[in-house]
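Data block below; observations after.
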Number of protein chains: 2
Amino acid sequence: MRIRAATADDWPAIWPFFHRIVAAGETYTYPRDLGEEEGREWWLLEPPGHTVVAVDDEETVLGSAKMNPNHLGPASHIAGAGFMVAPGHSGQGVGRALGEYALEWARREGYRAMQFNAVVETNTRAVALWRSLGFEIIGTLPEGFRHPEKGYVGLHIMYRRL
Amino acid sequence: MRIRAATADDWPAIWPFFHRIVAAGETYTYPRDLGEEEGREWWLLEPPGHTVVAVDDEETVLGSAKMNPNHLGPASHIAGAGFMVAPGHSGQGVGRALGEYALEWARREGYRAMQFNAVVETNTRAVALWRSLGFEIIGTLPEGFRHPEKGYVGLHIMYRRL
């Protein structure tokens with residue numbers, strides 16, 4: 001697996017799993033009916049943001065991550081990030097590799113911390129992954145997320161210094 | 001004091017204190033050099049956002065507040081808000097009146113909770129005001145805000161159900 005900067009040419013490979021994940025409404029605070037054009041604008045970031053794809057030896061896109069300032073002005077030293085792994089490639093360490101990459105990128109860019117604004121508490125794999133990468137739950141919005149099957153569940157804010 | 005919807009005509013009265021507050025860099029996570037045009041776009045919101053001014057009997061603008069969805073999609077039931085009181089009119093209950101208005105507005109619009117993403121811990125008046133209006137600190141980003149005099153200080157996330 002290799003992680004490289006994403007280009008506009010990668011979008012057709014990202015959109016199918018991006019769309020599936022967003023439409024499922026279980027993990028992302030994006031509108032479930034988000035269209036392809038808007039999705040592309042939200043995901044493929046210009047500097048100071050950065051978007052990457054994880055690819056295998058055949059250049060198949062296994063997942064993607066975006067990194068960006070989470071706040072502006074006097075809090076612009078806090079980075080944020082989002083991650084999506086193609087469902088057919090979950091459990092292969094793609095999320096972990098993207099997470100490690102994002103932390104490295106943020107350190108290199110001079111950020112002092114990374115904050116995830118909205119990690120759904122029922123997304124236990126993600127919560128466990130971020131914990132294993134040094135993130136802590138610093139707060140939970142009670143009933144912050146409306147899960148399509150489980151109803152209102154907590155929304156964690158996770159954070160780690162760099 | 002009366003609170004009414006803000007219009008583009010109010011901006012010339014808002015900008016001087018908006019600019020002063022943002023440029024001071026002590027309470028807002030906006031770029032300290034934010035320009036007037038961008039400031040107007042960030043503050044005077046279109047629906048589903050809402051911006052108001054608090055005015056006295058002579059229609060002098062004492063302060064302003066903006067309200068908006070804090071998250072999208074499955075978390076769009078959480079509102080956010082921002083408040084600015086003209087420094088010459090602080091201590092007169094303007095912030096409290098705007099806060100109460102924002103809570104009422106959010107209830108009326110069907111939100112289930114309100115979240116403030118970034119309340120600087122040294123802004124003790126604001127922290128005390130929001131506590132008195134039922135908000136809790138649900139988490140603090142350690143060293144999340146670079147205060148121009150106090151250095152890195154905590155950034156609270158505050159929350160209340162509606």
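The values are calculated or read from the model by the stated rules, or taken from the named source; none is laboratory data. Note that the structure is predicted; figures quoted are calculated from it, not measured. Quick reminder, even Gly has a Cβ in these numbers, built from the backbone with ideal geometry, and neighbours come from all protein chains shown. Protein only, heavy atoms only, side chains kept; ligands, DNA and RNA dropped before computing areas. Shrake-Rupley method; radii C 1.70, N 1.55, O 1.52, S 1.80 Å.
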Hey, for B:PRO47 with labels 7 Å out along Cα-Cβ, what do the inter-copy distances come to in nm, ordered shortest first? 4.1
In order over the range B:137-149: 3J(HN,Hα) from phi, Karplus 6.51/-1.76/1.60, θ = phi - 60°, whole Hz, x for each Gly or Pro, gives 7, 9, x, 9, 7, x, 6, x, 9, 9, 7, x, 10
Using the 7 Å Cα-to-Cβ label point, sort the distances from A:GLU100 to its equivalents in the other copies shortest first and give them in nm to one decimal. 5.6
Rounded to the nearest 5, the percent of DSSP beta bridges in the protein assembly as shown running antiparallel is 95 percent
One decimal, nm, shortest first: give the distances between the label point of A:GLU36 and those of the same position in the other copies, each label point 7 Å from Cα along Cα→Cβ. 4.4
Reachable lysines from A:LYS66, criterion Cα separation under 29 angstrom, eight or more residues apart if same chain: A:LYS150, B:LYS66
Please work out the Cα center distance from the range A:70-88 to the range B:92-122, rounded to the nearest Å. 26 Å
Across chain A, where is the longest run that never hits GluC sites (Glu not before Pro) in a DSSP loop with at most 13 other C-beta atoms within 10 Å? A:60-148
Place a label point 7 angstrom from the Cα of A:GLU46 along the Cα-to-Cβ direction, then list the residues of the range A:6-38 whose backbone nitrogen is under 15 Å away. A:8
Under the 0.36 nm per residue contour assumption, what length would be gained going from the current alpha-carbon distance of A:ALA23 and A:ARG112 to full extension? 28.7 nm
Would you mind classifying the range A:78-130 by shape? Square roots of the alpha carbon gyration tensor eigenvalues, ordered a ≥ b ≥ c; an a/c under 1.5 is rounded, otherwise it is prolate if a/b is larger than b/c and oblate if not. oblate
Estimated [θ] at 222 nm from DSSP helical runs (n ≥ 4, -39500 (n - 2.57)) normalised by residues in chain B, nearest 500: -8500 deg cm²/dmol
Would you mind giving the mean number of other chain beta-carbons within 10 Å of the Cβ of each residue in B:141-154, as a whole number? 4
Solvent-accessible area of A:SER90, probe 1.4 Å, all protein chains present, reported in Å² to the nearest ten, please. 60 Å²
Considering only chain A, pick the residue with its Cβ nearest the axis of the rotation onto chain B, and state the distance in whole Å. A:GLY139, 1
Heavy-atom accessible area of A:ARG20 with all protein chains present, probe 1.4 Å, nearest 10 Å²? 150 Å²
Kindly report, to the nearest 10 Å², the accessible surface of A:VAL94 as traced by a 1.4 Å probe over protein heavy atoms only. 0 Å²
Extent along principal axes [Cα atoms of the range A:2-161; Å; largest to smallest]: 42, 39, 29
Tell me whether the protein assembly as shown comes out rounded, prolate or oblate; compute the Cα gyration tensor, take square roots of the eigenvalues as a ≥ b ≥ c, and use a/c under 1.5 as the rounded threshold. prolate
